[in-house]
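Working notes, beginning with the structure itself.
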Amino acid sequence: AAPAASPAPAPASPVSTGSEAAEGEGGKPAASPSANSKPKKKQRGVSPKEPHHPQVQPEKPPAEKATATMDEASLEAIAMTMIDEFKNSVNEGDVAGLVVENFKQVGTPNHKGLVNKAIQYATRSLVKHAGTRLLLAEILMHLTCEPDKESKARHYSVSMDAVVEGFRLFFINAIELGFMEDNPKLWDCFADLIVQCLETEALSFSDLNFCIPDAFVQQDEIYPCLVALFKCLKAQPNAIDLVCTGHFDALQKLFCTNKTAERIDRLLQLLAKHDCLEVDPSVYIYYAFKTEIHSDALLQWLQDHIPEPVACSEVVTLKV
């Protein structure tokens, strides 16, 4: 009998050239991360780096678990610790970096809550927490500062959105939880914090347009809040300089809530009572037209009060 035929050899497996791995599933190139978030502050000297030739993307690590939202007590404890650590620092720069890293570690979902709790802590007492407000303003400055291209200083950057949302949450909590009942000087404390933030350049005057939510503007508490802010600004020798860091359209915000001028008139009356009309050129210009102050007198006031580096015509154009 003839011997049984040997089985045919199995076809060789195709050898991968590496190009398939570069394409990924479906022959499509691996997607690059998108940049959906738009920073509020410009990052000078930072440009995206493009690869010189296509490269095989390394295997992606397993996705991290979503950061859990912390409870109120935990956020309050972290906020107080963050400020105290900054207060007790010897080398401010090193501790500033540590504070920012600790801030980032709580996770993005908790950033606005942490800012809110820090504001609450700093506004508990007008006198006792005066130093705390200065420390918090410096911390916020480090969180939002831009990179220094010349000194190549480390870029302590957290999204400006987190800071703005933290302020907005503070206003909402103040109304819902009745902070004013426990602290009649709440808006004086808050005004002092805002001025400290303007001084340290943690915020610009324009940022207040976004920090104050419309839901709060509709409340009567907006009046003592704005009056306290203008009174605190008036006490600063460089008040006009601070105001000219941006344009806070307080009158427009009041008008937009109910489309009447009555609320604007009420604010103007309160500011006139406390002799604070001249703190913000936009408010004073509106008041001048409303009360028919002679244009020559208005222009003379602008020339006398606008900071030297800013042309009078620029401010008139912007403010009017």
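Observations on the model:
- Close amide H partners of Thr245, meaning residues 5 or more places away or on another chain with modelled amide H under 5 Å apart, are Phe205.
- Accessible area of region 153-275 belonging to carbon and sulfur atoms, whole % at 1.4 Å probe: 48 percent
- Legend: distances between Cα atoms for Lys112/Lys185; Lys112/Lys234; Lys117/Lys234; Lys185/Lys231; pairs beyond 19 Å are Lys112/Lys185; Lys112/Lys234; Lys117/Lys234.
- Approximate spin-label separation Thr260-Leu126, in nm, with each point projected 7 Å along Cα-to-Cβ: 3.1 nm
- Pair Asp296, Gln252: separation of 7 Å Cα→Cβ label points (nm): 3.2 nm
- Under the Karplus curve 6.51 cos²θ - 1.76 cosθ + 1.60, θ = phi - 60°, whole-Hz ³J(HN,Hα) for region 265-271, x wherever Gly or Pro sits: 4, 5, 5, 4, 5, 5, 5
- Residues of region 182-253: accessible area per residue with a 1.4 Å probe, Å²: 38 Å²
- Evaluating 6.51 cos²θ - 1.76 cosθ + 1.60 at θ = phi - 60° for every residue in region 228-236, the Karplus couplings come out as 4, 5, 5, 5, 5, 5, 4, 6, 8 Hz, glycine and proline recorded as x.
- For region 167-320, the dipole from Cβ point charges (+1 on Lys and Arg, -1 on Asp and Glu) about the Cα centre works out to 320 debye, to the nearest 20.
The values are calculated or read from the model by the stated rules, or taken from the named source; none is laboratory data. This one's a predicted model, so the numbers in the text were calculated from it and none came from an experiment. Cβ atoms come from the backbone with ideal geometry, glycine included; neighbour counts cover every protein chain shown. Side chains are part of the model used for accessible areas, which takes the heavy atoms of the whole protein and leaves out ligands, DNA and RNA. Shrake-Rupley method; radii C 1.70, N 1.55, O 1.52, S 1.80 Å.
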